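Shown next, in C-alpha cells, is the structure this report addresses.
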Amino acid sequence: MRFAKPILFAIGFAACLLVAFAAVKAVRLFQDRPPASASGIAIATGEAKLGGPFTLTNHEGRRVTDADFRGRYMLIYFGFAYCPDVCPTELQAMGRALDLIGPEKAKKIVPVFISVDPARDTPAELAKYVKAFHPRMVGLTGTPEEVAAVAKAFRVYYKIGKPSAPGAMDYLVDHTSFLYLVGPDGDFAALYRGGTGAEALAEALEAAVK
Ligand code: NI
C-alpha cells in the first residue's frame, strides 16, 4: 500500500479545489465589489434568473411589454430622473459605451431607463430626460404597481424618501445601481455593477453582444 497515501492526498486535493471553485462561483453571483479580473465588470451572467415579463409605458406614452424588445439586447438601468448624481453618471456611461463599441454592435442594443419614481417621471418628463444621454434611449414608467413588479423581477431595491414638507415633491429615491443586459430572446444575459465607467462597460458589452 505504498501508493495509497499519495493517491488519497491527490483525491483530497482535487475535492478541495472543486469546493473552492464552486464557492468562488457562488460568491461572484451577487458580490458588489469588483471581481479579480480587471476586465470583468459582470457580477452575474445568464445562469442567474433575473428579469421577466413586464408591461410599462414608454416616453412616447405608448404601452410596451418586454416582447416589444425581442430581437435586440436591452441594456437596462433603474433610477429616477430627479436623481442628482448617480443616475446621470450611469446613464452617461451607457450612452458613451454605446458610442465606443461602434455602430454595428451598438444598433443591436436598446438602452433603457426604467423609472422607480413613477409619480414624478411621467412619459413627458422621461422624453426630455432620456434624450440627454442617447438618441435611442427608451424611458419606461408605469403605475406604482407596474414599476414595483418590474423592479421585483430584476431584484432592484428602491425606497421613496421623505419630502421636506408633507405633499412636497422634493423627495429623493434610494435605489440600487446595477446595469442589466437582457438578450434578444428576452432571457437575462448579464448583470454589471454600477460605477465602472464607459470604457469598462463598453468592453463588457463587446464581449457579451454577438
Ligand atoms: Ni439615482
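Computed from the coordinates by the stated procedures, all read-outs in this text should not be read as laboratory data. Keep in mind it's a predicted model, so treat the numbers as computed, not measured. We place every Cβ from the backbone using ideal geometry, glycine too, and count neighbours over all the protein chains shown.
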| task | Could you pull out every residue, at least 5 positions away or on a different chain, whose amide H is within less than 5 Å of the one on T57? Hs are placed 1.01 Å off N in the peptide plane, and Pro or chain starts have none. | result | V64, T141, G142
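Pulled fully out, how much extra length does the chain show between A148 and R70, if you take 0.36 nm times their separation in residues and subtract their Cα-Cα distance? Don't skip to the end; give the middle numbers.
Working: separation 78, 0.36 × 78 = 28.08 nm, distance 2.23 nm.
Additional length available on full extension: 25.9 nm.
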| task | Mind listing the long-range amide H neighbours of V138? Cut-off is under 5 Å, sequence gap 5 or more, other chains count too, H placed in the peptide plane at 1.01 Å from N. | result | V112, F113
| query | Which of the aspartates and glutamates could be linked to K159 by a straight reach, that is with a Cα gap under 13 Å, when you skip same-chain ones fewer than 8 residues away? | reply | D117, D174
| field | Lys/Arg +1, Asp/Glu -1 at C-beta; the stretch 146-210 dipole; positive extreme among S177, A165, A189 | value | A165
| In what sequence, highest mean first, do 43-54, 73-84, 138-149 appear when ranked by Cβ atoms within 10 angstrom? | 73-84, 138-149, 43-54
| query | Residue by residue, what Karplus-based ³J(HN,Hα) values in Hz, rounded to whole numbers, does the stretch 155-169 have, using 6.51, -1.76 and 1.60 with θ = phi - 60° and x for Gly and Pro? | reply | 6, 8, 9, 8, 8, 6, x, 7, x, 5, 9, x, x, 5, 9
| In Hz, Karplus ³J(HN,Hα) per residue of the stretch 110-126 (6.51, -1.76, 1.60; θ = phi - 60°; x = Gly, Pro) | 9, x, 10, 10, 9, 6, 9, 9, x, 5, 9, 7, 6, x, 5, 5, 5
